[in-house]
Amino acid sequence: MTNLIEIKGVTHAYRTKAGPLPVLDDLNISVPEGEFAAVVGPSGCGKSTLTRLVSGLMKPDRGEVWLHGERVTSPRKTVGMAFQNPVMLEWRTILQNVLLPLEIVDSGLNRMEREGRARHLLEMVGLKGFENKRPSELSGGMRQRASLCRAIVHRPDVLIMDEPFGALDNFTREDLWQTMRDLRKKEPFTCVLITHDLRESIFLGDQVIVLSGRPAHTQHVLDVDLPDDRTLDILYEPKAQEMLHLLRDQIRIAQGRDGEVH
């Protein structure tokens, strides 16, 4: 299987008044095309920095980031992004918000085709009938569904998600996990998910990458050996519980590495 994302020997530090603050140290990660990689690790270990490097919003001090065999040196329109805060434009309808990437990226679609694509995605995530509503008229979970549609409407090479469900209540979060799995069946894409929720990482991921404490390197990679057709009940089965225990142990090791309590 071809690797869509290759992070090779990436080292990065932030410049502060007190001097350099090392964040990543010789980080190496590979994500095959079509896979869902969940990234977990202690708070402050550089997970969000990783998303900026993959998207081209930042350049590493050392090392290289590659997408589809091309070195990433600048922001790429072929990367979709979803964050904890959906950041929707209140003066635009939900449909108009979802259409925004297609107004920026040359998709080769005419206006009718673009709108059809956006409406199709909104229907897939249960938002049919809400196309003409304003963001303030939707719940947090509904806005996040619309945000997911916006992130993949232009069919990006890779979707990067930085704690997209972290601000939602448990029921809404779990409902969106299932929505994500359903989307991937019908709209296959490669994904990198940053999360603090180990259950989320196992339910959504094909692999879970555990980062060490700061400065982070790849401490452990867990292949999620669970059926593709998952329901939430699978998280209570012995195999999933065993994986959760392994990940918790790895996180404890990572927390002890930098001597902090998280």
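Across 10 Å bins from 0, what is the distribution of all Cα-Cα pair distances for the chain, in whole percents? Pairs per bin, as whole percents: 7, 29, 35, 22, 7, 0.
Could you pull out the chymotrypsin sites (Phe, Trp or Tyr not before Pro) across segment 138-185 that fall in loop regions by DSSP (anything but H, G, I, E, B) with no more than 10 other Cβ atoms inside 10 Å?
Within segment 138-185, no chymotrypsin sites (Phe, Trp or Tyr not before Pro) qualify (loop, at most 10 other Cβ atoms within 10 Å).
Between 0 and 90 degrees, the angle of helix 238-257 with respect to the longest Cα principal axis of the chain falls at about 60 degrees. Under a model in which nothing but the beta-carbon of Lys, Arg (+1) and Asp, Glu (-1) is charged, segment 77-156 shows a dipole of about 80 debye around its Cα centre. Can you give the FRET efficiency to the nearest 0.05 for His245 and Thr11, using r as the Cβ-Cβ distance and R₀ = 30 Å? Rounded to the nearest 0.05, the efficiency is 0.45.
Amide hydrogen proximity for His217: with H placed 1.01 Å from N in the peptide plane, the residues at 5 or more positions away or on another chain lying under 5 Å are Asp25, Ser212. The spacing between segment 135-168 and segment 180-238, judged by their C-alpha centroids, is 18 Å.
Around the amide H of Ile194, modelled in the peptide plane, lie the amide H atoms of Val39, Met161, Asp162, Glu163, all under 5 Å away and 5 or more residues distant in sequence or on another chain. For segment 134-143, 3J(HN,Hα) computed residue by residue from phi via the Karplus equation (6.51, -1.76, 1.60; θ = phi - 60°) reads 8, x, 5, 8, 10, 6, x, x, 5, 5 Hz, glycine and proline entered as x.
Report the net charge of residues surrounding Glu163, where surrounding means a beta-carbon distance below 12 angstrom and charges are Lys +1, Arg +1, Asp -1, Glu -1.
Neighbour charge sum, excluding Glu163 itself: -1.
Relative to the current alpha-carbon distance between Asp182 and Ile104, full extension at 0.36 nm per residue lengthens the span by 25.4 nm.
Evaluated over the chain, the count of Lys pairs having alpha-carbon atoms less than 18 Å apart is 5 (only pairs 8 or more residues apart or interchain).
Annotation for Asp175 and Asp229: the two label points, set 7 Å from Cα along the Cα-Cβ direction, are 2.5 nm apart.
Residues in segment 117-124 carry Karplus couplings, in order, of 4, 5, 5, 4, 5, 4, 5, 4 Hz; the curve used is 6.51 cos²θ - 1.76 cosθ + 1.60 with θ = phi - 60°, and Gly or Pro positions show x. The packing ranking, built from the mean of other Cβ atoms within 10 Å per residue, places the peptides 18-31, 143-156 in the order 143-156, 18-31, highest first. Projecting the Cα positions of Gly108, Met142, Pro32 onto the charge dipole of the chain (unit charges on Cβ atoms of Lys, Arg, Asp and Glu, taken about the Cα centre) puts Gly108 furthest along the positive direction. Phi-derived couplings, Karplus 6.51 cos²θ - 1.76 cosθ + 1.60 at θ = phi - 60°, listed residue by residue for segment 169-178: 5, 4, 5, 5, 4, 5, 5, 6, 4, 5 Hz, with x used for Gly and Pro.
For segment 154-262, a simple Cβ point-charge model (Lys and Arg +1, Asp and Glu -1, everything else neutral) yields a dipole of about 180 debye relative to the Cα centre.
Note on the chain: with charges restricted to the Cβ of Lys and Arg (+1) and Asp and Glu (-1), its dipole about the Cα centre is near 900 debye.
Highest mobility in the GNM of the chain, judged by mean-square fluctuation with C-alpha springs under 10 Å and restricted to Gly108, Gly56, Gly116, is found for Gly108.
For the chain, the residue among Ala240, Val208, Met161 whose Cα projects farthest onto the positive side of the dipole built from Cβ charges is Met161. In this structure, Lys77 and Ala167 have a Cβ-Cβ separation that, at R0 = 35 Å, corresponds to a calculated FRET efficiency of about 0.85. Stretching Asp26 away from His68 to a fully extended chain increases their span by 13.0 nm, per 0.36 nm per residue minus the current alpha-carbon distance.
Only the coordinates and a few stated rules stand behind these numbers; no lab work does. Just so it is clear, the model here is predicted, and its values are computed rather than measured. Don't worry about glycine lacking a Cβ; one is built from the backbone with ideal geometry, like all the others, and counts go over all protein chains shown.
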